[in-house]
Amino acid sequence: MKINFIESNIVLLGNFKPSLFDKLYFIKNELIEEDKFLESSIYTSNFSKIETQDLIILIEQKKIVLVSKENKSNVLQKISNKITSESHITLRTIGFNFKWFFFIDDIYSYTKANFFSNSNDILNKHFNSDTTAYGYYISRNFKNSRLKLDIKPNTLRQINGDKEQNILSFDFNFHIENEEIKIFKESISDYKSYKSKALEIISDYGERK
């Protein structure tokens, strides 16, 4: 079983002014070096898209999404800290998200061993098959957030090819909703502990055979 990290992202919901987050903003605040910006970056009054080899930052009037393909939590944390310190923004919700893919040869037996429940009479009645692939959804409070974990079986197909690979996608969402800006800032400052919690769970699954 192979485990691949796919991406991490931070989602900020509130009120923002995209025109203020141009290339110069990220350079002068030492968030992104000038030579790291790709030509695909876009800056308009209503929408900005900043792209580097690792980062994608989408800025709209109601939402900012910061994506890292290499799980660089220090970079996402630094940029989010700076954005949320601006006096002209209003925050309503923050989401910390992490995604991994588990590549599994026999997804039917693996998911049944890990997620099947004998007491689930209704679903077992309709999915009593050797080709049933099981998933799981679970949530709990964690620090300032509601931690939601969605585990889904799926199939990836090679681009320009016929080869398929069975996977389990592990999607972690730490949902933080509060009326106090200090709670958002506290959560961003503590971002690495949210990442560590997701890594702890993934590591436990990675040890299973």
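The values are calculated or read from the model by the stated rules, or taken from the named source; none is laboratory data. Keep in mind that this is a model prediction, so the values were computed, not measured. Note that we place each Cβ from the backbone using ideal geometry, even for glycine, and neighbour counts take in every protein chain shown. Ligands, DNA and RNA are stripped out before the accessible areas are found, and what is left, the full protein with its side chains, is counted by its heavy atoms. Shrake-Rupley method; radii C 1.70, N 1.55, O 1.52, S 1.80 Å.
Miscellaneous remarks
- Of all residues in region 55-69, none satisfies being basic (K, R), surrounded by fewer than 18 Cβ atoms within 10 Å (Cβ to Cβ) and free of Cβ contacts under 8 Å to residues at least 12 places away in the same chain.
- Condition met for S85 (polar (S, T, N, Q), over 22 Å from K143 (Cβ atoms) and either at pLDDT 90 or above or more than 22 Å from the chain's Cα centre (by Cα) (or both)): no
- Considering region 76-100, and only residues there that are open to solvent by less than 40 Å² (accessible area, probe 1.4 Å) and part of a helix (DSSP H, G or I), the residue that is nearest to S45 (Cα to Cα) turns out to be I83.
- If the condition is being open to solvent by 50 Å² or more (accessible area, probe 1.4 Å), over 21 Å from S145 (Cβ atoms) and not hydroxyl-bearing (S, T, Y), then region 3-26 contributes I3, N4, N15, K17, L20, D22, K23, L24.
- The single residue among F103, F174, F127, F184 that is under 17 Å from S8 (Cβ atoms) and either more than 17 Å from the chain's Cα centre (by Cα) or among the hydrophobic types (A, V, I, L, M, F, W, C) (or both) turns out to be F174.
- Condition met for L31 (out of contact with any Pro (no Cβ under 7 Å at 6 or more places or on another chain), open to solvent by 20 Å² or more (accessible area, probe 1.4 Å), within 23 Å of N74 (Cα to Cα) and in contact (Cβ under 8 Å) with a residue 40 or more places away in the chain): yes
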